[in-house]
Amino acid sequence: MSTSSIREYLIRFSRFGLIAKKPNRHWILKGFTREFAEELFDLRETFELRAFDRLAAEGLDAPTRERLRVLQSRHKATCEDIDRRYLKFPRLDEAFHRLFVERLANRFVDDFYEIVAMIFHFHYRWRKSEEKERNLRATQEHLKVIDALLEDDFVKAREHYTTHLGQARQTLLTSVNWESDPDH
């Protein structure tokens with residue numbers, strides 16, 4: 001990668017306060033703190049629930065229904081073969097959540113989701129020992145949402161989606177090695 005490409009990437013992420021540039025010097029990681037994670041999740045929930053409500057209000061068109069069927073199949077395959085597929089979960093999770101977020105058609109939300117993907121899927125502080133179980137649980141939660149949507153039960157789907165977001169928040173807060181953790 002060229003230096004300019006890396007610089008552009010760093011500049012984009014500096015807007016979120018995770019990294020900063022020292023004038024005429026180098027970049028520093030300001031730290032992925034519990035407070036940062038909670039702020040990030042507050043915003044994520046706001047965007048995603050609004051996006052879900054828009055999907056429910058508009059109903060499922062044929063292309064969305066087909067995307068849900070494909071996601072349903074991929075999620076079932078992941079659950080059935082979690083030992084081999086759990087490391088592929090980040091892409092599946094991103095596809096699931098983007099299905100909703102795309103409904104907002106909002107460039108600011110789209111930009112925000114780049115940092116969400118990086119933090120929630122590729123953050124180095126995740127405890128790897130729990131990864132398979134976390135990914136299986138999230139896959140099962142996604143399936144509940146997908147199944148309810150395909151049954152056109154938007155009330156049940158929203159309940160499952162809200163539960164999933166709450167569980168995802170809790171998982172993030174309990175499954176990351178925070179700086180204050182003694183084992184980090």
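The values are calculated or read from the model by the stated rules, or taken from the named source; none is laboratory data. Everything numeric here is computed off the predicted structure, so don't read it as measured data. For neighbour counting, all protein chains shown are included, and Cβ atoms are generated from backbone atoms with ideal geometry for every residue, glycine included. Each accessible area value is taken on the protein alone, full model and side chains, heavy atoms only, with ligands, DNA and RNA left out. Shrake-Rupley method; radii C 1.70, N 1.55, O 1.52, S 1.80 Å.
Chymotrypsin sites (Phe, Trp or Tyr not before Pro) within region 71-163: which are DSSP loop residues with at most 15 other Cβ atoms inside 10 Å? Here the sparse-neighbourhood loop sites are Y124.
Here the label points at K76 and Q170, each 7 Å from Cα along the C-beta direction, are separated by 2.8 nm in the simple model. Placing pseudo-labels 7 Å out from each Cα toward the beta carbon at K132 and E35 gives an inter-label distance of 3.8 nm. Among the protein heavy atoms of region 127-179, carbon and sulfur supply 49% of the accessible surface, probe 1.4 Å, non-protein parts ignored.
Averaged per residue, region 52-100 has 56 square angstrom of accessible surface, using a 1.4 angstrom probe with ligands and nucleic acids left out.
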